[in-house]
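**Student:** Before I ask anything, let me first share the structure, which is written out below as structure tokens.
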Amino acid sequence: MINSCGITKQNYQEAVDETTKYGPFRTKLAERLKPYLDNYPNLLWFLDSGTLLGAYRDGKMLKHDDDFDLGFYLPNKDMHFMENLCKYLQEKGFSARIVTTYVTKIEVYEPEHGNYLLENRRGDPNFHNVTVDLTMFVDQGESNVTFLHDIAIEGNISMSRNSLFPLKELEYEQSIWPVPGNTSDFLEAQYGYIGENAFYNPKTYRYEKSN
């Protein structure tokens, strides 16, 4: 296994072929979301996870990335905030739902592009080919933040609040997006090694550099 989603050297090209054809639709959906997220009260949002990694490394989508990742920050876990945000997006005409699989998040999706089964994840295994994820980040202790993620607890995945704020901007797929202020520190805390030729170590919940 070379990453946490089950992509291996054997199925890498198949994964690339299957996911890249939906990339422009994911980016377009995220672009549609931007003004609504900007106008939602007290919402501090930013690029996250694989989308952030692609923006940081080369300004475009990772070849095998299968969704568009956004995060938002709240000091404390507040499911009412997440529920209200999901309802707001539904009222604005988006298909949206709250899911708890490997992470608690809002999924905004376009069902017309079809779905697939992701059987190695807990919860509803039905995922959509065109999806934008909104994951809640909350305070962990006095100086860190973490996401609502079971593995984050087991693997102690947390990021310095100083690596998140103040937010800055990066270009991604020819558009400007908010990102954590110290992007490299934020990504390294989340992933481990963030360079090319990495493999996923399930014992440490981190990526490591291939030999």
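**Student:** Given the conditions (1) over 25 Å from residue 166 (Cβ atoms); (2) open to solvent by less than 60 Å² (accessible area, probe 1.4 Å); (3) part of a helix (DSSP H, G or I), which single one is not true for residue 28?
**Tutor:** Here residue 28 clears every test but (2).
This table checks each residue for (1) over 14 Å from residue 129 (Cα atoms); (2) modelled with pLDDT of 95 or more.
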position	(1), (2)
13	yes, no
17	no, no
21	no, no
24	no, no
28	no, yes
31	yes, yes
39	yes, yes
43	yes, yes
49	yes, no
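**Student:** If you take the residues in region 192-204 that are touching a strand residue (DSSP E or B) at 6+ places or on another chain (Cβ under 8 Å) and part of a loop (DSSP other than H, G, I, E, B), which one is farthest from residue 58 (Cα to Cα)? Steps first, please.
**Tutor:** If we filter region 192-204 for residues that are touching a strand residue (DSSP E or B) at 6+ places or on another chain (Cβ under 8 Å), which is where we start, we get 192-195, 197-201, 204.
Next, only the ones that are part of a loop (DSSP other than H, G, I, E, B) stay: 193-195, 197, 204.
Numbers: 193: 16, 194: 12, 195: 11, 197: 15, 204: 26 Å.
Per the criteria, the residue is 204.
**Student:** Ok, one more. Scan (1) open to solvent by less than 40 Å² (accessible area, probe 1.4 Å); (2) modelled with pLDDT of 90 or more; (3) under 20 Å from residue 33 (Cα atoms) for the single condition residue 138 breaks and write down its number.
**Tutor:** Only one criterion is unmet by residue 138, namely (3).
**Student:** Restricting to region 52-88, and then to whatever is acidic (Asp, Glu) and farther than 24 Å from residue 127 by Cβ, can you tell me which residue is nearest to the chain's Cα centre (by Cα)?
**Tutor:** Of all residues in region 52-88, those acidic (Asp, Glu) come to 58, 65-67, 69, 78, 83.
Filter once more, so that each one left must be farther than 24 Å from residue 127 by Cβ: 58, 78.
On the way: 58: 17, 78: 19 Å.
The selected residue is 58.
**Student:** Filter the strands (runs of 3 or more DSSP E) completely within region 31-109 down to those with at least 3 residues that are open to solvent by less than 30 Å² (accessible area, probe 1.4 Å).
**Tutor:** On the way: elements: 44-47, 68-73, 95-100, 104-109.
Of the strands (runs of 3 or more DSSP E) lying wholly inside region 31-109, those with at least 3 residues that are open to solvent by less than 30 Å² (accessible area, probe 1.4 Å) span 44-47, 68-73, 104-109.
**Student:** Next question, about the same structure. Among the residues of region 173-211, what is the count of those that are open to solvent by 60 Å² or more (accessible area, probe 1.4 Å) and among the basic types (Lys, Arg)?
**Tutor:** So the count comes out to 2.
**Student:** Let me ask something additional. Which of the residues belonging to region 65-119 are in contact with a Leu (Cβ under 8 Å, 6 or more places away or on another chain), more than 20 Å from residue 26 (Cβ to Cβ) and of a type in the set (Phe, Trp, Tyr)?
**Tutor:** 73, 81
**Student:** Report whether or not residue 119 is over 16 Å from the mean Cα position of the chain (by Cα), in a helix (DSSP H, G or I), surrounded by fewer than 19 Cβ atoms within 10 Å (Cβ to Cβ) and modelled with pLDDT under 95. Even if it seems obvious, please write down each step before you answer.
**Tutor:** On the way: over 16 Å from the mean Cα position of the chain (by Cα): yes; in a helix (DSSP H, G or I): no; surrounded by fewer than 19 Cβ atoms within 10 Å (Cβ to Cβ): yes; modelled with pLDDT under 95: yes.
Judged against the criteria, residue 119 is not a match.
**Student:** Go through region 141-180 residue by residue and tally those that are among the aliphatic types (A, V, I, L, M) and modelled with pLDDT of 90 or more. Working first, answer last.
**Tutor:** The first filter runs over region 141-180 and keeps only residues among the aliphatic types (A, V, I, L, M), leaving 145, 148, 151-153, 157, 159, 164, 167, 170, 176, 179.
When the remaining residues are screened for being modelled with pLDDT of 90 or more, the result is 145, 159, 164, 167, 170, 176, 179.
Residues flagged as among the aliphatic types (A, V, I, L, M) and modelled with pLDDT of 90 or more within region 141-180 amount to 7.
The values are calculated or read from the model by the stated rules, or taken from the named source; none is laboratory data. In this text the structure is predicted, and so the values were computed from the model without any measurement. We place every Cβ from the backbone using ideal geometry, glycine too, and count neighbours over all the protein chains shown. Accessible surface areas use protein heavy atoms only, side chains included; no ligands, DNA or RNA. Shrake-Rupley method; radii C 1.70, N 1.55, O 1.52, S 1.80 Å.
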